[in-house]
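The values are calculated or read from the model by the stated rules, or taken from the named source; none is laboratory data. Remember, it's a predicted structure, so these values are computed and weren't measured experimentally. Quick reminder, even Gly has a Cβ in these numbers, built from the backbone with ideal geometry, and neighbours come from all protein chains shown.
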Amino acid sequence: MSEPLPSAPHTIDEFVRAYEDSGKLRGFRCPGCGLVTATWGLACSRCGAADLVETELAPTGKVAAYTVLSVPGDEFLNDAPYAYVVVELDGGGRVTGWMPTVRREADLAIGERVRFVPSYKPGVQFAKDPGPTATG
Ligand SMILES: [Zn+2]
């Protein structure tokens, strides 16, 4: 006899494709400790609680790390060079993505504000965020 597997709100495939379908970043919030994560999982990575609640993540954040790739995979063949970025989202969640507008190391900085841009291209695409004053 084995324990039944815990049920998940959706599959990993549905989760990673959600931003392509809905134009929104999805993640989970732990009702136990408040951790917000962009990573699909069945339990909280910090406190182990199993009742994670699906949540919409903020589309804005700041660059935590990045590097510029000049040798792309086939799906990004026409976009190289571009930046591969790790973004710390406002309100929690850390997402890996890419920025086609960044072509040199000097074009971006750690801590710079960026915004999620829904795209038909694979991956989570970000662009520099002009901030609330520029969006009107
Ligand atoms: Zn937790």
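Under the condition of being touching a Leu at 6+ places or on another chain (Cβ under 8 Å) and more than 16 Å from V124 (Cβ to Cβ), which residue from the stretch 46-67 is surrounded by the most Cβ atoms within 10 Å (Cβ to Cβ)?
L52
Output the residue which, of all residues in the stretch 34-86 that are part of a strand (DSSP E or B) and among the small types (G, A, S), is farthest from the ligand (Cβ to nearest atom).
Applying the filter and picking the extreme gives A83.
Can you tell me which residue among F15, F28 is surrounded by 14 or more Cβ atoms within 10 Å (Cβ to Cβ), at pLDDT below 95, within 16 Å of the ligand (Cβ to nearest atom) and of a type in the set (F, W, Y)?
Going through F15, F28 in turn, the sole match is F28.
Residue-wise test of (1) of a type in the set (V, I, T); (2) modelled with pLDDT of 95 or more; (3) assigned by TED's automatic domain parsing to the domain that holds G23.
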{"site": "L52", "(1), (2), (3)": "no, no, yes"}
{"site": "D74", "(1), (2), (3)": "no, no, no"}
{"site": "G92", "(1), (2), (3)": "no, no, no"}
{"site": "T101", "(1), (2), (3)": "yes, no, no"}
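Scan (1) at pLDDT below 95; (2) under 17 Å from the mean Cα position of the chain (by Cα); (3) over 18 Å from G23 (Cα atoms) for the single condition I110 breaks and write down its number.
Going through the list (1) at pLDDT below 95; (2) under 17 Å from the mean Cα position of the chain (by Cα); (3) over 18 Å from G23 (Cα atoms), I110 breaks only (1).
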